[in-house]
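Worksheet: the structure to be examined is printed underneath.
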Amino acid sequence: MNTMKLNLFRGEKLKLALPLEEDFETMEKWGEDAEYLRNVDTEIALPKNKKQLAEEGKSSHTEIFFTLKTIQDSRLIGLICIHSIEWNNRTGLLAIGIGDSTNRGQGYGTEALQLILRYAFHELNLDRVGLEVIEYNIGGLKAYERVGFQLEGRKRSAVYRDGKRYDILVMGILRNEWESHLI
């Protein structure tokens, strides 16, 4: 694969973009959706204001943060980042969220994962990307498996929601696995 000709930030339907000031209003609305909050985090579902979201949306030495926007109309549909980057080990962790429920199940998550993995492996030169997902997030699990993530383990009974316990699944993908998965 000639990576020099690839656009690192664009796929067929989505592009990776930096957050704009006007994006935070949309993100703030996502914080009112308990399903969204409970799929992207194990902490207490708590909405955030624009200032808090802007602070979280900054890239740093150990975190690369993008918004997910449609190519057709530049509509904000989600967030994605590689965080907890350990440059010496060439590893990082992935986090993704598709904000509005009407955009879930449309293939956006799978394409976003393909884009961020291409960026992680070809631009950041990482060798491993990991993630954690709550076992009830079936849509997320399917998307992760579709792009080549493998189940590496589980944290048993780690999340308590609505009177029930759930496991956190630990998944990962290595650069060579991702490259062979593309063929």
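The values are calculated or read from the model by the stated rules, or taken from the named source; none is laboratory data. Being a predicted model, the structure only gives us computed values, none of them experimental. FYI the Cβ positions are ideal-geometry reconstructions off the backbone, even for glycines, and counts take in every protein chain you see. Surface areas here come from the heavy atoms of the whole protein model, side chains and all, with no ligands, DNA or RNA. Shrake-Rupley method; radii C 1.70, N 1.55, O 1.52, S 1.80 Å.
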Seminar exercise, completed: Exception for residue 51 within (1) basic (Lys, Arg); (2) touching a Phe, Trp or Tyr at 6+ places or on another chain (Cβ under 9 Å); (3) open to solvent by less than 80 Å² (accessible area, probe 1.4 Å) falls at (3)
For this session: Considering every residue within segment 80-93, establish whether at least one is more than 30 Å from residue 160 (Cα to Cα), open to solvent by less than 50 Å² (accessible area, probe 1.4 Å) and either without any contact (Cβ under 8 Å) to a residue 12 or more places away in the chain or of a type outside the set (Phe, Trp, Tyr) (or both).
Result: no
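When you check residue 32 against the structure, is it closer than 23 Å to residue 136 by Cα, among the acidic types (Asp, Glu) and more than 17 Å from the chain's Cα centre (by Cα), yes or no? Walk me through how you get there before you give the answer.
Values: closer than 23 Å to residue 136 by Cα: yes; among the acidic types (Asp, Glu): yes; more than 17 Å from the chain's Cα centre (by Cα): yes.
Spelling it out, residue 32 is indeed closer than 23 Å to residue 136 by Cα, among the acidic types (Asp, Glu) and more than 17 Å from the chain's Cα centre (by Cα).
Output the residues belonging to segment 99-116 that are over 16 Å from residue 147 (Cα atoms), open to solvent by less than 30 Å² (accessible area, probe 1.4 Å) and touching a residue at least 60 places away in the same chain (Cβ under 8 Å).
We begin by selecting, within segment 99-116, every residue over 16 Å from residue 147 (Cα atoms); these are 99-104.
With open to solvent by less than 30 Å² (accessible area, probe 1.4 Å) added as a condition, the list becomes 99, 103.
Of everything in segment 99-116, just one residue is over 16 Å from residue 147 (Cα atoms), open to solvent by less than 30 Å² (accessible area, probe 1.4 Å) and touching a residue at least 60 places away in the same chain (Cβ under 8 Å), namely 99.
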For this session: Determine which single condition residue 45 fails, assuming it passes every other condition in (1) more than 11 Å from the chain's Cα centre (by Cα); (2) surrounded by fewer than 21 Cβ atoms within 10 Å (Cβ to Cβ); (3) touching a residue at least 60 places away in the same chain (Cβ under 8 Å).
Result: (3)
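Somewhere in segment 3-26, is a residue part of a strand (DSSP E or B), open to solvent by 100 Å² or more (accessible area, probe 1.4 Å) and not β-branched (Val, Ile, Thr)? Spell out the reasoning first.
First pass over segment 3-26, keeping only residues part of a strand (DSSP E or B): 10, 14-17.
Applying the additional criterion that residues be open to solvent by 100 Å² or more (accessible area, probe 1.4 Å) yields 10.
With not β-branched (Val, Ile, Thr) added as a condition, the list becomes 10.
Yes: one or more hits.
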Seminar exercise, completed: Those residues of segment 121-151 which are of a type outside the set (D, E, K, R) and part of a strand (DSSP E or B) amount to 129, 130, 131, 133, 134, 150, 151
